[in-house]
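The values are calculated or read from the model by the stated rules, or taken from the named source; none is laboratory data. Since we're looking at a predicted model, the values are computed, not measured. Note that each Cβ is placed from the backbone with ideal geometry, even for glycine, and that neighbours are counted across all protein chains shown. Note: accessible area is taken over every heavy atom of the protein model, side chains too, but ligands, DNA and RNA are not part of it. Shrake-Rupley method; radii C 1.70, N 1.55, O 1.52, S 1.80 Å.
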Amino acid sequence: MQTLTLIQPDDWHIHLRDGQALATTVPHAATSFNRVICMPNLVPPIKTTAQAIAYRERILTALANADISDTRKSAFDPRMVLYLTDHTTADDIATAKSSGIVQAVKLYPAGATTNSADGVTDILGRGAVFESMQKHGIPLLVHGEVTHNDVDIFDREKRFLDEILSVIIKNFPNLNIVMEHITTSDAADFCLAQDEHIAATITPQHLLFNRNHLLVGGVKPHFYCLPILKRESHQKRLLEVATSGNPKFFLGTDSAPHATHTKENACGCAGCYSAVHALPLYAAAFDGVGALDKLENFASVFGAKFYGLPVNTSTITLIKQEQTIPQSYSYLDGKTLTPLLAGQTLAWSIQ
Ligand code: DOR
Ligand code: ZN
């Protein structure tokens, strides 16, 4: 049987949510990943270092109660992120830096996605905060979409690059920036054209699927995430850069749980839940283009290097053995959570 042993990966972009959700999401994430960058778009968001510290404690309590091995428990390391608002100050960044707990700051343009109502309205007006982040070496993680109603949803990422991100980079050339969950060839090529301060994460769904999967034959709500899946030519370019061995591109699942009834809904929520099967999903994408040899650096090395963290020392082994993804998991109080590709067969499994 074909096996693939990798350095233990980290997930540089995940949504664990809060409260009861943690009983589901934390063991799922901890099964595969050591460090996870925990997105702060809770209700209300994580805006201060004190809130980030308290949130991390709640995650660790869920971890202690989880039914997973002690080895996985001790390896799991949630890294916290502050949610940038119109009111975040340069001092907030200094406090975040000195905490040693806050790994990054997340920029959600107001209204761009789930729980982004408190996001930034005047992004280029946040210069003092970007200056402080540049000074303290705190990376800026961007949800790169403009939000104007008159901009087509399929063009929102490109417009963000042209109108916002290029200006931030010009004004703050030493600010480390992660272009989160990129979805277009434009974003991939933009990232390639920048220096080493700029990197990008790529999700499993944007490597495996395109907008036909979402829309042909009926609307498939479990493929709906933001930024939305684009046309196949973009998917192909993302696969090219992810498997190119370029350290600018690394793993960030953007696993984003929403209870099944809130996705299978007349106004369905955005987010694909992939935490459990993320590695077999990435393996399928890389295997599909004959690039399994490039998976380890993408999943386990390049992200750590970008964040200036040591590469993990433990390993995880994938085997080429079919598995069927469950139809759902139990979630919250009596609810269910439908994973990406529920009920479908995957060629790779975690040993
Ligand atoms: O699809 C998404 N879901 N995109 C995001 O940016 C947020 C996420 C969520 O929190 O559900
Ligand atoms: Zn996200």
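When the chain is described by a simple charge dipole with +1 on each Lys and Arg Cβ and -1 on each Asp and Glu Cβ, the residue from 171, 76, 148 located farthest towards its positive end is 76.
The 3J(HN,Hα) values that the Karplus relation (6.51, -1.76, 1.60; θ = phi - 60°) gives for segment 100-116 are, in residue order, x, 9, 8, 8, 6, 10, 9, 9, 9, x, 3, x, 6, 7, 3, 6, 10 Hz. Gly and Pro appear as x.
Using heavy atoms of the protein chains and a probe of 1.4 Å, the accessible area assigned to residue 7 is about 40 Å².
Residue ranking by accessible heavy-atom surface, 1.4 Å probe, largest first, among 189, 67, 11 comes out as 67, 189, 11. Over the chain, Cα pairs under 8 Å with separation of 6+ residues give a relative contact order of 19 percent.
If each residue of separation counts as 0.36 nm, what is the full-extension length gain between residue 174 and residue 153 once their alpha-carbon separation is subtracted?
Numbers: separation 21, 0.36 × 21 = 7.56 nm, distance 3.04 nm.
Between residue 174 and residue 153, full extension yields an extra 4.5 nm.
Residue order by solvent-accessible surface for 255, 244 is 244, 255, largest first, with ligands and nucleic acids left out and a 1.4 Å probe.
Check cross-link reach from residue 294 to the lysines: straight Cα distance under 23 Å, and skip same-chain residues fewer than eight apart. Within the straight-line limit of under 23 Å, residue 294 reaches these lysines: 236, 248, 305, 320.
Estimated purely from DSSP H runs of n ≥ 4, each contributing -39500 (n - 2.57), the mean residue ellipticity at 222 nm for the chain is -9000 deg cm²/dmol once divided by its residues. DSSP finds beta bridges in the chain, and of those with both partners inside it, around 35 percent are antiparallel. The mean of 1/r over all distinct Cα pairs in segment 225-330, once inverted, gives the Kirkwood hydrodynamic radius of 15.7 Å. The label-point distance for residue 220 and residue 244, in a model that sets each label 7 Å from Cα toward Cβ, rounds to 2.7 nm. Here, the chain yields an orientationally averaged convex hull projection of 16.2 nm² when only Cα atoms define the hull.
Springs between Cα atoms under 10 Å define the GNM used for the chain, and in it the highest mean-square fluctuation of 218, 290, 100 occurs at 218. Here residue 287 sits with roughly 50 square angstrom of accessible surface, probe radius 1.4 Å.
Within the assembled protein chains, the solvent-accessible surface assigned to residue 131 is about 100 Å², based on a 1.4 Å probe. Can you tell which of 62, 110, 266 shows the greatest fluctuation in a Gaussian network model of the chain with Cα springs below 10 Å? For the chain, modelled as a Gaussian network with Cα springs under 10 Å, the answer is 266.
Ranked by solvent-accessible area (1.4 Å probe, protein heavy atoms only, all chains present), the residues 122, 293 order from largest to smallest as 293, 122. Think of segment 158-290 as having a plus end and a minus end, set by charges on the Cβ of Lys, Arg, Asp and Glu; of 222, 183, 267, 267 sits farthest toward the positive end of this dipole. In a fully extended conformation the segment linking residue 347 and residue 3 would gain 122.7 nm over its present Cα-Cα distance, using 0.36 nm per residue. Charge tally around residue 192: other residues with Cβ under 13 Å, Lys/Arg +1 each, Asp/Glu -1 each, net -3.
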